[in-house]
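Undergrad: A single structure is presented below for examination.
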Amino acid sequence: MEIILKYFSDFTPEQLSHFEALKGLYTEWNEKINVISRKDIDALYEKHVLHSLSIAAIADFAPGTQILDLGTGGGFPGVPLAIFFPEVKFHLVDSIGKKIKVVEGVAEALGLKNVTTAHSRVEDIKNRKFDIVVSRAVAPLKDLWRWSKPVLKKSQTPGKQFEKGLICLKGGDLAQEISESGVKPRLIDIYDIFPEESFKEKFIVMAKS
């Protein structure tokens, strides 16, 4: 938890208690349904929570913004972002039912009113649009962009501040992946935001709709 407070300080008492509760909740759920590797549970706040909050460090979502977490896994980046932005609406989806069960258990225990979930593939989401799609390294950029486009609202202010589009967390050499995607994203080096060893060669990738 200390590593979160090293970079963020302006939390309400409720947000603090939510973040503090994450370790116990994920440890408990992980014993029933393995969604996080055992070594990563010990580094939960750095490798999962702070990694997710790198998005909060570079984007300020307005109240009422609708965000889809595509392939949320155990709830990252969606759960930490939902705690950080209590007035933003998050819809967390994953095609693996047991992972969504964990997300639902964590969100319910915390009483997160701004989180909804679905055991679903993004391709099966119909008649619903989102301002932002977030994702954490679940597929190549070309696939993330192909899946995101049908569920993204069109940006009303092209060229201005990032308002609508895809924000994903990725690592390694992304040159070929970006080339194959046909997208011209903005890359932000997470190590520049959080200079921790685990964030070397980790990036926030932003593509406008």
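Undergrad: Please turn the phi angles of the stretch 14-24 into ³J(HN,Hα) values with the Karplus equation 6.51 cos²θ - 1.76 cosθ + 1.60 (θ = phi - 60°), one per residue in order, whole Hz, x for glycine and proline.
TA: Karplus-based 3J(HN,Hα) across the stretch 14-24 equals 5, 4, 4, 5, 5, 4, 5, 6, 4, 4, x Hz.
Undergrad: For K164, list long-range residues whose amide hydrogen, built 1.01 Å from N in the peptide plane, is under 5 Å from its own amide hydrogen.
TA: Distant-sequence amide H within range of K164: S209.
Undergrad: Then there's this: Across the chain, where is the longest run that never hits GluC sites (Glu not before Pro) in a DSSP loop with at most 15 other C-beta atoms within 10 Å? Walk me through the numbers on the way to the answer.
TA: On the way: sites that count: E87, E201.
Longest site-free region, per DSSP loop and neighbour criteria: 88-200.
Undergrad: Let me ask you something else. Summing Lys, Arg as +1 and Asp, Glu as -1, what charge do residues with Cβ under 9 Å from the Cβ of R136 carry, R136 excluded? Spell out each step's value before the answer.
TA: Working: positive: K170; negative: D69.
Result for the local shell: 0.
Undergrad: Something else: Mind listing the phi-derived Karplus ³J(HN,Hα) values for the stretch 75-89, rounded to whole Hz, using 6.51, -1.76 and 1.60 with θ = phi - 60°, and x for any glycine or proline?
TA: x, 10, x, x, 5, x, 5, 5, 5, 5, 10, x, 9, 9, 9
Undergrad: When you take every Cα atom in the chain, what is the radius of gyration, and what is Dmax, the widest Cα pair distance, in Å?
TA: Gyration radius and largest Cα-Cα distance of the chain: 16.1, 47 Å.
Undergrad: Give K149/K184; K98/K149; K39/K113; K153/K202; K89/K154; K47/K153 a once-over and call out the pairs whose C-alpha atoms are over 23 Å from each other.
TA: Values: K149/K184 14 Å; K98/K149 27 Å; K39/K113 30 Å; K153/K202 27 Å; K89/K154 18 Å; K47/K153 31 Å.
Cα-Cα > 23 Å for K98/K149; K39/K113; K153/K202; K47/K153; rest within.
Undergrad: Taking every Cα atom in the stretch 71-181, find the radius of gyration and the maximum pairwise distance Dmax, and write them in Å.
TA: Calculated on Cα positions, Rg and Dmax stand at 14.4, 42 Å.
Undergrad: While we're looking at this one, here's another question. Given labels modelled 7 Å from the Cα in the Cβ direction, how far is it in nm from E123 to S95?
TA: 0.7 nm
Undergrad: Looking at the chain, send over the antiparallel percent of its DSSP beta bridges, to the nearest 5. Intermediate values should be presented prior to the final figure.
TA: Values: 11 of 30 bridges.
Antiparallel bridges: around 35 percent, rounded to the nearest 5.
Undergrad: Now for a different question. Output ³J(HN,Hα) for the stretch 145-150: one whole-Hz value per residue in order, computed from phi by the Karplus curve 6.51 cos²θ - 1.76 cosθ + 1.60 with θ = phi - 60°, and x for Gly and Pro.
TA: Calculated HN-Hα couplings, in order: 5, 5, 6, 6, 3, x Hz.
Undergrad: List the residues whose amide H sits under 5 Å from the amide H of L152, counting only those 5 or more places along or on another chain, with H placed 1.01 Å from N in the peptide plane.
TA: Distant-sequence amide H within range of L152: F130.
Undergrad: A further question follows. At what distance in angstrom do the alpha carbon centres of the stretch 8-56 and the stretch 168-188 lie from each other?
TA: For the stretch 8-56 versus the stretch 168-188, the Cα centre distance is 27 Å.
Undergrad: Same structure again: Check V88: other-chain or 5+ apart residues with amide H under 5 Å from its amide H, H built from backbone geometry?
TA: G64
Undergrad: Sticking to Cα atoms, compute the Rg of the stretch 11-129 to one decimal and its Dmax as the biggest Cα-Cα distance, whole number, in Å.
TA: Using the Cα atoms of the stretch 11-129, the pair Rg, Dmax is 13.5, 40 Å.
Undergrad: Then there is this: Taking trypsin sites (Lys or Arg not before Pro) as exposed when DSSP calls them loop (any state but H, G, I, E, B) and at most 11 other Cβ atoms lie within 10 Å, what is the longest stretch of the chain free of them, the sites themselves excluded?
TA: After excluding every exposed loop site, the longest remaining stretch is 1-112.
Each reported figure results from applying straightforward, stated rules to the coordinates on display, with no laboratory input. Note that this is a predicted model, so its numbers are computed, not measured. Glycine also receives a Cβ, built like all others from the backbone with ideal geometry; neighbour counts cover every protein chain displayed.
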